[in-house]
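Colleague: Shown below is the structure under consideration.
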Amino acid sequence: MKLTYQGTTSHAGTCPTLYSTDQGTYVVQGYKVTDPEALAALRERGLPDHETAVEVPAALLDFVPKAAP
């Protein structure tokens, strides 16, 4: 998978960051959700054990290209 940097809202250059892939998808780097209540809600909605959830600021979505990559 080839990642293409789209943008970040980080001032230190670490995270959160958005990448597009050569597979027509996106990779989001963000803060891992660890809050038990939030994780329980995600599990109730079907989040499987082999997946995780990340939290990103809404402003990061400004970097999503208007057309799919």
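Colleague: Assign unit charges at the C-beta atoms only (+1 for Lys and Arg, -1 for Asp and Glu), then state the dipole size of the chain relative to its Cα centre in Debye, rounded to the nearest 20.
Modeller: Around 240 debye, computed over the chain.
Colleague: Scan (1) 30.8, 99; (2) 11.4, 38; (3) 13.5, 36 for the value of Rg and Dmax of the Cα atoms in Å calculated from this model and give just the label.
Modeller: (3)
Colleague: Enumerate by residue number the GluC sites (Glu not before Pro) in region 11-69 meeting two conditions: DSSP loop (anything except H, G, I, E, B), and at most 12 other Cβ atoms within 10 Å of the site's Cβ.
Modeller: Values: sites: GLU37, GLU44, GLU51, GLU55; in loops: GLU51.
Passing both the DSSP loop test and the Cβ count: GLU51.
Colleague: So how much slack lies between GLN23 and LYS66, counting 0.36 nm per residue of separation and subtracting their Cα-Cα distance, in nm?
Modeller: The span from GLN23 to LYS66 would gain 13.8 nm if fully extended.
Colleague: Once neighbouring chains are kept in place and the probe is 1.4 Å, which whole percent of the accessible area of the chain is contributed by carbon and sulfur?
Modeller: Carbon and sulfur together cover 55 percent of it.
Colleague: Roll a 1.4 Å probe over the protein chains and send me the accessible area per residue for the chain in Å².
Modeller: Value returned for the chain: 74 Å² of accessible area per residue.
The values are calculated or read from the model by the stated rules, or taken from the named source; none is laboratory data. Because the structure is a prediction, the values reported are computed rather than measured. Glycine gets a Cβ as well: all are built from the backbone with ideal geometry, and neighbour counts include every protein chain shown. These accessible areas exclude ligands, DNA and RNA; they are computed on the full protein's heavy atoms, side chains included. Shrake-Rupley method; radii C 1.70, N 1.55, O 1.52, S 1.80 Å.
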